Amino acid sequence: MVETAVTLAGSDSEPGASMVSGARWPDGFVQLERRDADEWDSLGEDPQFLYGLRPPLPAGWYRLRATLRAVRDYVVDPCLYVDLGRGFGEDQRMPLRYDPRTGRLDAIVRFDGEACRLRFDPTTTACRFVFGGLRWDRLGEAEATWLMARALVRGGAPDPYHAARLCEGLRASRREDGPAAALELAWAEYRGDGEAQDDAAYLDWIRAQEQPALTQSAPPPASAGAPTFTVVLLPSGSRAGQEACLDALLGQSYPHFEILVPRGMARPDVAGAPVVRELDDESAACPGARQASGRYLTWIDGRQRMPPHALASVARALESCPDARLLYTDEDFLATDGTRRRPYFKPAWDPDLQAQHDYVGPSSFLSRAWLVCWLDAARPSRAWRYAAILAAGAEAGPGGVLHLPVVARHHLGPPGEPAAPLDAFAATGDMDRALTMHLARTAPEAEAVAQGAGRSTRVRYPLPDGVRCDIVIPTRDRVDLLAVCVDSILALTDGADYRVTIVDNGSVEPATHAYFERAQQDARVRVLAYDAPFNYSAINNFAVSHCESDIVVLLNNDIEVIDGGWLRELASQACRPGVGAVGAKLLYPDRTLQHAGVILGVKGVAAHPYARRGRGHPGQFGRALAVQSMSAVTAACLAVSRSVFDEVGGLDESLAVAFNDVDFCLRIVRAGYRNLWTPYAELLHHESASRGYEDDPVKQARFASEVETMQQRWGEALERDPAYSPNLSLSGRAFTVDPLREADFTPRTAALPMPSSKDES
């Protein structure tokens, strides 16, 4: 990695510096090399243009503009950091709207305090680009609202229905609650929207990665023993759409399949072409299952298309894993002009996620032999495909379900609701009933709870009788934070038996000790003294060794409880068989997202997805609204059974500050458990308020050492997170498309590639 060092640049008046009228030239730059007046080389993954602000910029709304055009490779994920007097921190990171097709950056940002410095990161990749300085203009609230709404309608909301709904929502907010409400709605939508930029990056990915990889892929299996398929064309959508779908199926590059079609669509047999037969019973559950001759079945309707490589790609995957019971692929959507957009690059098999969020959906391929046996025993369900997927996954186990990270299904219609994001016409009521029947067979103690229109059904697990929780909170002074944390726990937490263990790491302020005395008057609170230098792992291990409860909750002293059911939700999930660590949904004080799980490999080790998005931000096609498997969750709020904590040896004390939670979670996975994140335990996190930023050489050196430890210890696991697609970015924000990341079309299970424990350093 190129050493990070600041290089002073020229003055504002340097010739050629401004390609946007009024743009300012930076005061310095990092990991960048200037080639000529406006052309630059990024030398690593963290290039920076630095601006000192004299005088500081007042708090408020600003419009940022720049020319930022890639000359070689791609500009990925430009962003802005603002220093409000505390240094540059991740909590002040602002993704910027950027159109790579035009090379124009035009973004609205808000400063919540007086800004003394700006840091503009033009990309997260090594590339060559043109940049002529950054311009910023202060905006009034009305102008900021209008500009954000215009950007959403023109660039990020090409669906006319969505654009109309957005405009009506803004008008209603302004009419009913005033201009400030309309401004906040526009800001929430604007920060959460990046479709135009993501769609442009996706087209680049198709050209740079998908097309070359498909051209060079191995030929499909030969006829002897090759997987055979039955593709069932469902009688839904228009007849013209069905005919067009059938024509696309007949263009498959793989020959070993048949097509079952609605009545009146059969075609004469043609030598070398697949057989096209009529469905015997179009209304049956799992149409075609008993009529099919293929080894695997899949279903399609007139609102979908299979690209020519689809069946060949699936056949290659099944040849390498012939016992798979269920396989599914990635999917995307087609604009009205046929342009591909909005890819759903999916996670590996996750039964919790699938129960609430049918991400496997239309792209599923099910074993016919298994399906016929299941139909003989299953109760009828109108949501038959969803029910079959749940059952297949439960019976096959994680090793019997394959995810093929190839886009092998296109959708002509819009995405659906979070419960069925790949089927805009799904009957979610039927899915709820199918889920209830599935839980009755597999987890009779659980219940499916409807959350209302547009929300996924919640699966709620009971907290067994007699379970006790120990909430461990390390602290050193900062009684202003600690009191809010502990008092909110005591005042709001319900539905669980708990004790709060405050671990005092050398507090010296009289007010802190006075609070300790006052807090311990409540029988639910105790204080333990830990007299040693700060080491987050050692402090928590010490505290847990003094706990006797069934569930241990690690909690930062800058957490504030806002939801009384938080502990019950975390503990009930942690009590489930096979579950390890359970993480919560954490919000910044302004109610934007701080933690919705941890994605491995992003930015080198791990990162939080969706940071700074709105509280209700749905995440990738609605994933942030559902309980799901995560390889890691943050220890700022983490529940785990005491038995699992002891089994893996607690936190690693060689990781004193950073990544100890990620390492802990990975050791839990290696021990055979699944970690979970739940959106139903929601708390505020005043992130790093008591520790500060990594802003001095000692802290930075320690952080670099911990990064190196993690990369050496976990290796390939950091690049193969089952909760994350191998075709999404590791250098930019999580869940963005990176045209430079080499496509990986290898079929995968839910297993995380793990070094053995003896390989740890």
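Below is a table of values for the structure above.
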{"read-out": "Assigned charges on the beta-carbon of Lys, Arg, Asp, Glu; segment 468-724 dipole about Cα centre (debye)", "value": "760"}
{"read-out": "FRET E, pair Ile562, Phe534, Förster distance 30 Å, beta-carbon r, rounded to 0.05", "value": "0.60"}
{"read-out": "Hypothetical label at Ala180: residues of segment 116-146 whose amide nitrogen lies under 17 Å (7 Å Cα-Cβ projection)", "value": "140-145"}
{"read-out": "DSSP-defined antiparallel bridges as percent of all bridges, the chain, nearest 5", "value": "65"}
{"read-out": "Trypsin sites (Lys or Arg not before Pro) within segment 559-599: DSSP coil, no more than 16 neighbouring Cβ in 10 Å", "value": "Arg591"}
{"read-out": "Dipole magnitude of the chain about its Cα centre (Cβ charges: Lys, Arg +1; Asp, Glu -1), debye to nearest 20", "value": "1640"}
{"read-out": "Computed FRET value (nearest 0.05) for Glu548 with Ala369, which takes r as the C-beta separation and R₀ as 51 Å", "value": "0.50"}
{"read-out": "Residue-span extension gain [Arg35 to Glu716] - 0.36 nm each, minus C-alpha spacing", "value": "241.6 nm"}
{"read-out": "Selection of GluC sites (Glu not before Pro), segment 364-448, meeting DSSP coil and at most 13 other Cβ within 10 Å", "value": "Glu445"}
{"read-out": "Whole-Å distance, taken between Cα centres, linking segment 614-659 and segment 75-119", "value": "28"}
{"read-out": "FRET efficiency estimate (nearest 0.05) - Cβ-Cβ, Leu492 to Glu708, R0 41 angstrom", "value": "0.50"}
{"read-out": "Part-to-part distance (alpha-carbon centres) for segment 120-146 and segment 412-482, which is given in Å", "value": "39"}
{"read-out": "Approximate spin-label separation Asp744-Arg54, in nm, with each point projected 7 Å along Cα-to-Cβ", "value": "4.8"}
{"read-out": "Separation in nanometres of the label points that stand 7 Å from Cα toward Cβ, at Arg154 and Arg591", "value": "3.0"}
{"read-out": "Summed residue charge, Cβ within 13 Å of Pro739's Cβ, Lys/Arg positive, Asp/Glu negative", "value": "-4"}
{"read-out": "Approximate spin-label separation Cys321-Asp137, in nm, with each point projected 7 Å along Cα-to-Cβ", "value": "5.4"}
{"read-out": "Alpha-carbon gyration tensor eigenvalues x 5, square-rooted, for the chain, Å", "value": "43, 35, 24"}
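Read the figures in this text as sums done on the coordinates, not as results from a lab. None of these values were measured; they are calculated from a predicted model. Here Cβ is always computed from backbone atoms with ideal geometry, including for glycine, and neighbour counts include all displayed protein chains.
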